[in-house]
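Asker: Handing you a structure now.
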């Protein structure tokens with residue numbers, strides 16, 4: 001929460017090196033472009049998009065990433081198997097694509113305050129399963145995680161909460177999408193997709209934690225939560241006296 005204070009309360013610029021997230025961002029952009037093209041093709045009755053859509057979107061994003069020409073070429077080489085595995089993944093997907101980068105917002109009551117708050121987010125990919133239920137997929141670059149990690153993933157829980165509360169709508173019709181029957185993390189570099197679900201009890205616990213967090217923010221309580229993985233990616237780690245020693249300071 002200390003990072004939240006630095007960015008949103010103190011409005012301090014964070015320290016992010018040029019191209020720090022370039023590869024992951026470019027891969028996400030490529031997947032998004034392909035998903036949009038696939039949705040449009042099915043709506044128009046035109047041929048499905050091919051690998052050129054992925055490559056063009058990746059190249060555009062890398063070109064504006066701040067990487068050097070040599071770094072861009074290395075990223076393009078690294079992306080070759082990533083894009084190929086994604087095409088294979090798309091070819092065997094039976095669900096109907098509904099949206100990519102779909103935003104949502106749900107109103108949540110805040111105990112002890114006259115006004116609640118709006119919980120918002122964006123989902124990488126939303127599909128309609130053959131049985132009509134909603135499927136949510138989040139793309140990840142980097143290491144593949146275990147099923148245990150996926151089952152406990154807070155981001156997927158947040159998406160499930162937003163969907164269960166009626167926050168996701170079909171862009172084509174405006175209709176509220178039904179709750180997610182399953183959620184998955186797709187690991188771009190391995191091509192592996194791990195599915196999970198969330199119970200009503202888990203969603204209730206998430207809402208309780210969310211309300212507590214927002215309450216602390218409104219009360220200006222910004223306790224640090226140091227951990228090697230969290231501190232490593234924090235853009236304020238150099239100025240934080242509580243940054244984890246294992247955060248990989250440079």
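Computed from the coordinates by the stated procedures, all read-outs in this text should not be read as laboratory data. All values reported here derive from a predicted model rather than from experimental measurement. Note that each Cβ is placed from the backbone with ideal geometry, even for glycine, and that neighbours are counted across all protein chains shown.
Asker: Can you sort 163, 234 from fewest to most other Cβ atoms within 10 Å of each residue's own Cβ?
Answerer: Lowest to highest Cβ neighbour count: 234, 163.
Asker: Assuming a ≥ b ≥ c are the square roots of the Cα gyration tensor eigenvalues, decide whether region 96-219 counts as rounded (a/c under 1.5), prolate (otherwise, with a/b larger than b/c) or oblate.
Answerer: oblate
Asker: Tell me the relative contact order for region 96-219 as a rounded percent, counting alpha carbon contacts under 8 Å between residues six or more apart.
Answerer: 25 percent
Asker: Something else: Going from the alpha-carbon gyration tensor of region 24-181, what semi-axes, largest first and in whole Å, does one get by taking the root of 5 times each eigenvalue?
Answerer: Square roots of five times the eigenvalues give 30, 21, 15 Å.
Asker: Looking at the calculated P(r) for region 84-134, what percent of the C-alpha pair distances fall above 12 Å?
Answerer: Here the long-distance tail beyond 12 Å is 73 percent of all Cα pairs in region 84-134.
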